[in-house]
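Here, each number is a calculation from the coordinates, and none is a lab measurement. Just so it is clear, the model here is predicted, and its values are computed rather than measured. Glycine gets a Cβ as well: all are built from the backbone with ideal geometry, and neighbour counts include every protein chain shown.
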Amino acid sequence: MELTRPPEESSPPPAEIAGVSPNFITTKLDFLVNWARSNSLWPMPFGTACCAIEFMATAAGRFDLARFGMERMSFSPRQADVFICAGRVPFKLAPVLRRIWDQMPQPKWCISMGACASSGGIFDTYSMVQGIDTVVPVDVYVPGCPPRPEGLIYGIMLLQKKIKGETLADSSLRQEYLLDERGLFLPPDKIDEISEPFGNSVHQTRSA
Amino acid sequence: MTERPDGVLRAWTSCGDEIIDVSPAAARGVLQWLRDTPGQEFNYLVDLTAVDYRDPERPLEVVYNLRSLHRRADLRVKVPLDKSQPLVVDSVVDLWKGADWLEREVYDMFGVTFRGHPDLRRILMWDTYAEGHPLRKDFPLRGHFTRAEQTRQALAANPEAHYSLEELSLAEAYAELPEDVRKRLAAGQRGFVP
């Protein structure tokens, strides 16, 4: 499957309604659509480490993710709405993560759960992706190592709030950030900037 | 082969563990002697790894942890390799089959070549990994390339390409597989239906 950014002129607005200034009909339609979407998010869990344990706790009875319309874990990306990356991602797993994200149909959102998924965390090493926002676009970052279930639920509620503020008139919300001819979806200098060491990891390299 | 082989540089004890240093040329012979000689019978290879010391003068050591299961005895065999020379030591896969992936890991992480290994490829890093051998002390912690270049190379990888027929244990059953599956395997496609 060859995935490259399509030419600009060949991507028309996805719906007739796009480009129309918000009026009574579209705002009411937005409300209805966003209400439905935000309360029936199906997560695609991408659990790679200890954050996945907290994620499982969030989904289990005590914290009960089903209250937020996330009853069904979608283990197929084709039926998923929100990608939850729970745990550290090594470079070897980056193409897998990217492919799952590409396989998810619009509308889709991404939650980066935990310090490692958001920034590489303590793993500022040769083998680790320094934040999954260098690989896929992220909507909500949940801090913590790992975040408690309450933290993840707060992140999910923030995402619901974000979805409730969306509008059908804005086609850029549904833009696919595909890999370009460089094989990246961000400019290389942007990725280097995101991946800069910070905090204690500035001084941790003894060799080199 | 019951004669005690040459090549043992030193025999010593550290923290209650018995250790012998063996020259690289004699390593395989000594290990085979330890495995086959009555009274030694170190029939179990617990671990095979390597150590690169921060002191650049010290040689890189390949370490074999042996155990005799019925004698309940342990022995550590260290093979120092001069870092100014090519890092080569004989493979012991034909002595202990479990050494296969361990030697691949040492090759991947330290760049030690195991002469006679049946399938010496990288095992943890992907096949096209071009930055070197990460556990060597002269390897910078964050790798040689920029993060953007590392991300680009990682995303360019084909996740299905990492598995050989042998790893999938399909090699022996290959002839019994359906025609279309054989065709896909031969074309290097794995893991999805076209």
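A few remarks follow.
- Computed over chain A: relative contact order in percent, which uses C-alpha pairs under 8 Å that are six or more apart: 24 percent
- Volume per residue of the C-alpha convex hull in segment A:106-208, rounded to whole Å³: 125 Å³
- Candidates per trypsin sites (Lys or Arg not before Pro) in segment A:23-72, loop by DSSP, up to 15 other Cβ within 10 Å: A:ARG62, A:ARG72
- In segment B:3-143, taking the dipole from charged Cβ atoms about the Cα centre, the farthest positive-side position among B:VAL89, B:ALA25, B:VAL77 is held by B:VAL77.
- Within 10 Å of each Cβ in B:139-146, the average number of Cβ atoms from other chains: 6
- Across segment B:1-71, the volume of the C-alpha convex hull divided among the residues equals 106 Å³ per residue.
- The Rg/Rh ratio for chain B is 1.05, where Rg is the radius of gyration of the alpha carbons and Rh is the Kirkwood radius.
- Fraction of the pair-distance distribution of chain A above 29 Å, Cα-Cα pairs, percent: 30 percent
- Rg/Rh ratio calculated on Cα atoms of the protein assembly as shown (Kirkwood radius): 1.07
- Placing unit charges on the Cβ atoms only, positive for Lys and Arg and negative for Asp and Glu, gives chain B a dipole magnitude near 400 debye about its Cα centre.
- Within 10 Å of each Cβ in A:177-183, the average number of Cβ atoms from other chains: 2
- Peptide-level mean, for A:188-196, of C-beta atoms on other protein chains within 10 Å: 4
- Charged-residue dipole, Cβ positions (Lys, Arg, Asp, Glu), segment A:41-199 about Cα centre, Debye nearest 20: 560 debye
- Sorted by Cβ density within 10 Å, fewest first, the residues B:TYR53, B:TYR44: B:TYR53, B:TYR44
- Percentage relative contact order, segment B:8-124, counting C-alpha pairs under 8 Å, at least six apart: 23 percent
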